[in-house]
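A.B. asks: Pasting a structure below so you can have a look.
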Amino acid sequence: SLYVLSVQIQIIMLVLAWHLEAANMGFFTKEEWLRGMTLLQCDSTERLQSKLDYLRSELNESVVFKNIYRYAFDFARDKDQRSLDMDTAKSMLALLLGRTWPLFPVFQQFLEQSKYKGMNKDQWYNVLEFSRTINTDLSNYDEDGAWPVLLDEFVEWQKAWSAS
């Protein structure tokens with residue numbers, strides 16, 4: 001569908017932006033573009049097109065994905081803010097974790113109804129860690145672990161919701 005295609009294009013653009021070390025969402029400077037294209041060994045549109053599968057495949061490499069995920073926080077936030085506003089955070093999480101994290105739809109529902117107006121860097125980094133290490137049924141979640149309050153509240157909310 002058109003939606004799936006749109007998401008695929010967005011995620012590729014994010015991976016490309018990461019390669020270019022782009023500072024701002026929405027545009028690349030000439031310097032960023034030239035440096036990034038040189039590193040990717042792309043000197044033509046065709047060469048760049050031939051790299052798209054490679055860029056997509058990087059999302060499946062755990063360490064590379066983590067770097068792209070972490071990059072997305074600073075890339076997407078307003079530079080005068082220390083945190084991501086919640087709408088942007090939800091969009092970026094949908095883009096990065098929506099396809100792979102089974103609990104994502106529930107987490108998004110939690111964020112919709114939560115009091116949080118934004119997400120700080122610690123919360124952002126920990127959402128990825130949580131999505132990679134905590135079972136879908138939350139059975140291995142340690143309430144005394146060093147998780148941010150946001151994730152403690154999500155687990156409480158999810159358990160209450162599941163019980164009702």
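The values are calculated or read from the model by the stated rules, or taken from the named source; none is laboratory data. What you see is a predicted model, and the numbers here were worked out from it, not measured in a lab. All Cβ positions, glycine included, derive from the backbone under ideal geometry; neighbour counts span all protein chains shown.
A.B. asks: Among the residues of segment 75-93, count how many are closer than 21 Å to V155 by Cβ and without any contact (Cβ under 8 Å) to a residue 24 or more places away in the chain.
C.D. replies: 1
A.B. asks: Can I ask one more? So which residues in segment 86-107 are surrounded by fewer than 15 Cβ atoms within 10 Å (Cβ to Cβ) and closer than 17 Å to P148 by Cα, if there are any at all?
C.D. replies: Scanning segment 86-107 gives no hits.
A.B. asks: May I pose another question? Could you check, for segment 31-52, whether at least one of its residues is within 16 Å of M13 (Cα to Cα), among the acidic types (D, E) and surrounded by 15 or more Cβ atoms within 10 Å (Cβ to Cβ)?
C.D. replies: There is at least one residue in segment 31-52 that is within 16 Å of M13 (Cα to Cα), among the acidic types (D, E) and surrounded by 15 or more Cβ atoms within 10 Å (Cβ to Cβ).
A.B. asks: Among the residues that make up segment 150-161, is at least one of them within 28 Å of L59 (Cα to Cα) and either part of a loop (DSSP other than H, G, I, E, B) or touching a strand residue (DSSP E or B) at 6+ places or on another chain (Cβ under 9 Å) (or both)?
C.D. replies: Among the residues of segment 150-161, at least one is within 28 Å of L59 (Cα to Cα) and either part of a loop (DSSP other than H, G, I, E, B) or touching a strand residue (DSSP E or B) at 6+ places or on another chain (Cβ under 9 Å) (or both), which makes the answer yes.
To keep it simple, each residue is scored yes or no on (1) outside any helix (DSSP H, G or I); (2) in contact with a Cys (Cβ under 9 Å, 6 or more places away or on another chain); (3) within 30 Å of A22 (Cβ to Cβ).
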{"site": "D80", "(1), (2), (3)": "yes, no, yes"}
{"site": "W101", "(1), (2), (3)": "yes, no, yes"}
{"site": "E129", "(1), (2), (3)": "no, no, yes"}
{"site": "R132", "(1), (2), (3)": "no, no, yes"}
{"site": "D137", "(1), (2), (3)": "yes, no, no"}
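A.B. asks: Would you check if there is a residue in segment 111-119 being touching a helix residue (DSSP H, G or I) at 6+ places or on another chain (Cβ under 6 Å), in contact (Cβ under 8 Å) with a residue 40 or more places away in the chain, surrounded by 14 or more Cβ atoms within 10 Å (Cβ to Cβ) and of a type outside the set (G, A, S)?
C.D. replies: The answer is no; no qualifying residue exists.
A.B. asks: Can I ask one more? Being surrounded by 12 or more Cβ atoms within 10 Å (Cβ to Cβ), modelled with pLDDT of 95 or more and hydrophobic (A, V, I, L, M, F, W, C) is the filter here, so list the residues in segment 56-82 that pass it.
C.D. replies: V64, F65, I68, A72, F73
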